[in-house]
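Asks: Just passing along the structure, written as structure tokens.
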Amino acid sequence: MQVASGPGMKLDNALDEGDRAAEAVKWGMRFAKQIIADSDWDDTIDVMLGREWEARDTGIPWEEARPLVKRGWLRGRERI
């Protein structure tokens, strides 16, 4: 069996990463709106969301997802 490779695979991988990044941003927005909208991002929220993120088993470590989730959090707070 031959495995596909080349520019098409790179695009597919980039799209997958983009989808995962978008999901992290949306997830952060959802938390900002629904649960703790009156709080600023601090260590307590960082730890809580990190645990929630890891429990979701997305395949993306919290260390990588954190800036995207925080971006979504900040956007969500702006829209409240």
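Asks: So which pairs qualify, if the first residue must be in the stretch 11-31 and hydrophobic (A, V, I, L, M, F, W, C), the second must be assigned to a helix (DSSP H, G or I) and at pLDDT below 70, the Cβ gap must be under 9 Å, and the two must be at least 6 apart or on different chains?
Replies: Note: no pairs meet the criteria.
Asks: From the list GLU78, GLU54, GLU63, exactly one residue is among the acidic types (Asp, Glu) and touching a Phe, Trp or Tyr at 6+ places or on another chain (Cβ under 6 Å). Which is it? Outline the logic, then answer.
Replies: On the way: GLU78 fails: touching a Phe, Trp or Tyr at 6+ places or on another chain (Cβ under 6 Å); GLU63 fails: touching a Phe, Trp or Tyr at 6+ places or on another chain (Cβ under 6 Å).
Result of the check over GLU78, GLU54, GLU63: GLU54.
Conditions (1) modelled with pLDDT under 85; (2) exposed (fewer than 10 other Cβ atoms within 10 Å of the Cβ), marked per residue:
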residue: GLU17; (1), (2): yes, no
residue: ALA37; (1), (2): yes, no
residue: THR44; (1), (2): no, no
residue: ARG56; (1), (2): no, no
residue: PRO61; (1), (2): no, no
residue: ARG66; (1), (2): no, no
residue: GLU78; (1), (2): yes, yes
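Asks: Something else about it: Output the number of the condition that ARG51 fails; it satisfies all remaining conditions of (1) at pLDDT 95 or above; (2) on the phi > 0 side of the Ramachandran plot.
Replies: The number of the failed condition is (2).
Let's see how each residue does on (1) among the acidic types (Asp, Glu); (2) in a helix (DSSP H, G or I); (3) under 15 Å from ALA21 (Cβ atoms):
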position	(1), (2), (3)
ILE45	no, yes, no
ARG51	no, yes, no
GLY59	no, no, yes
ALA65	no, yes, yes
LYS70	no, yes, yes
ARG75	no, yes, yes
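The values are calculated or read from the model by the stated rules, or taken from the named source; none is laboratory data. Predicted, not measured: the structure shown is a model, and the values here were computed from it. Heads up, the Cβs are rebuilt from the backbone with ideal geometry, glycines too, and the neighbour counts pull from every protein chain shown.
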